[in-house]
Amino acid sequence: MHEATVAQFILEAISAEAKKQKARPIAAKISCGVFNAINTETLKFAFEAISIDTVCENLKLNIEQKPIKAKCKKCHATFEFDLHESKCPKCRHDDFELLPDAPLLLEEITFEDK
Ligand SMILES: [Zn+2]
């Protein structure tokens with residue numbers, strides 16, 4: 001299962017950082033592209049399951065899905081791709097290419113105050 005692998009990756013990354021900071025992580029924010037095919041609910045569930053008895057137990061996971069970006073072939077403007085308005089917002093041209101989806105990123109970790 002894809003989400004389980006991702007959850008494991010996040011848990012390890014947060015645990016390593018917690019060890020470095022010598023603090024207990026209470027929340028973390030991750031982001032990924034909308035086409036990354038990660039089910040956020042499944043991911044949260046998988047994370048909760050594997051974080052029991054680790055430093056990350058009860059950590060609040062926030063997952064932000066980033067919109068996909070597109071680049072206009074005419075004026076080369078980059079913009080957020082919108083399914084309902086598939087035109088370049090700058091020149092109204094409708095010939096553009098989609099840019100690669102945003103990778104999965106661990107954006108920030110919130111630690112408990114000592
Ligand atoms: Zn354009």
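The values are calculated or read from the model by the stated rules, or taken from the named source; none is laboratory data. Remember, predicted model here, so these are calculated numbers, not experimental data. Here Cβ is always computed from backbone atoms with ideal geometry, including for glycine, and neighbour counts include all displayed protein chains.
Could you tell me whether segment 33-46 includes any residue that is within 27 Å of H84 (Cα to Cα), among the small types (G, A, S), crowded, with 16+ Cβ neighbours inside 10 Å and out of contact with any Leu (no Cβ under 6 Å at 6 or more places or on another chain)? If you could, list the steps in order and put the result at the bottom.
Looking only at segment 33-46, we keep the residues that are within 27 Å of H84 (Cα to Cα), and these are 33-41.
If we keep only those that are among the small types (G, A, S) too, we end up with 33, 37.
Subset that is crowded, with 16+ Cβ neighbours inside 10 Å: 33.
If we keep only those that are out of contact with any Leu (no Cβ under 6 Å at 6 or more places or on another chain) too, we end up with 33.
Checking segment 33-46: at least one residue is within 27 Å of H84 (Cα to Cα), among the small types (G, A, S), crowded, with 16+ Cβ neighbours inside 10 Å and out of contact with any Leu (no Cβ under 6 Å at 6 or more places or on another chain).
Restricted to segment 21-43, and to residues there that are over 11 Å from the mean Cα position of the chain (by Cα) and β-branched (V, I, T), the residue that is nearest to A102 (Cα to Cα) is T42.
Could you list all residues from segment 52-73 that are surrounded by 14 or more Cβ atoms within 10 Å (Cβ to Cβ) and within 16 Å of the ligand (Cβ to nearest atom)? Hits for segment 52-73 are K69, A70, K71, C72. One residue stands out in segment 59-73 among those that are in a strand (DSSP E or B), under 13 Å from F96 (Cα atoms) and not charged (D, E, K, R): the one that is modelled with the highest pLDDT, namely C72. Does any residue of segment 19-37 turn out to be farther than 28 Å from A4 by Cβ, away from the ligand (no atom under 16 Å from the Cβ) and either part of a loop (DSSP other than H, G, I, E, B) or in contact with a helix residue (DSSP H, G or I) (Cβ under 8 Å, 6 or more places away or on another chain) (or both)? Yes, segment 19-37 contains a residue that is farther than 28 Å from A4 by Cβ, away from the ligand (no atom under 16 Å from the Cβ) and either part of a loop (DSSP other than H, G, I, E, B) or in contact with a helix residue (DSSP H, G or I) (Cβ under 8 Å, 6 or more places away or on another chain) (or both).
Taking the condition of a type outside the set (D, E), surrounded by 15 or more Cβ atoms within 10 Å (Cβ to Cβ), modelled with pLDDT of 90 or more and closer than 30 Å to D82 by Cα, does A28 pass? So A28 passes the test.
Where residues in segment 74-96 are in a strand (DSSP E or B) and either loosely packed, with under 14 Cβ neighbours inside 10 Å or polar (S, T, N, Q) (or both), which of them is nearest to the ligand (Cβ to nearest atom)? It would help to see each step written out before you state the result.
Step one: of segment 74-96, the residues in a strand (DSSP E or B) are 78-80, 96.
Now drop any that are not either loosely packed, with under 14 Cβ neighbours inside 10 Å or polar (S, T, N, Q) (or both), which leaves 78, 80.
Values: T78: 10, E80: 13 Å.
Taking the candidates together, the pick is T78.
Only one of these is among the aliphatic types (A, V, I, L, M) and under 17 Å from P103 (Cα atoms): A7, A46. Name it. Lay out the reasoning, then the answer.
Numbers: A46 fails: under 17 Å from P103 (Cα atoms).
Just one listed residue meets the conditions, A7.
If I filter segment 97-114 down to residues being in a strand (DSSP E or B) and touching a residue at least 60 places away in the same chain (Cβ under 8 Å), which single residue comes out as farthest from the chain's Cα centre (by Cα)? Full working, then the answer.
Here is the first cut: in segment 97-114, the residues in a strand (DSSP E or B) are 97-98, 105-111.
Retained after the next criterion (residues that are touching a residue at least 60 places away in the same chain (Cβ under 8 Å)): 105-111.
On the way: L105: 5, L106: 7, E107: 8, E108: 11, I109: 13, T110: 16, F111: 19 Å.
It comes out as F111.
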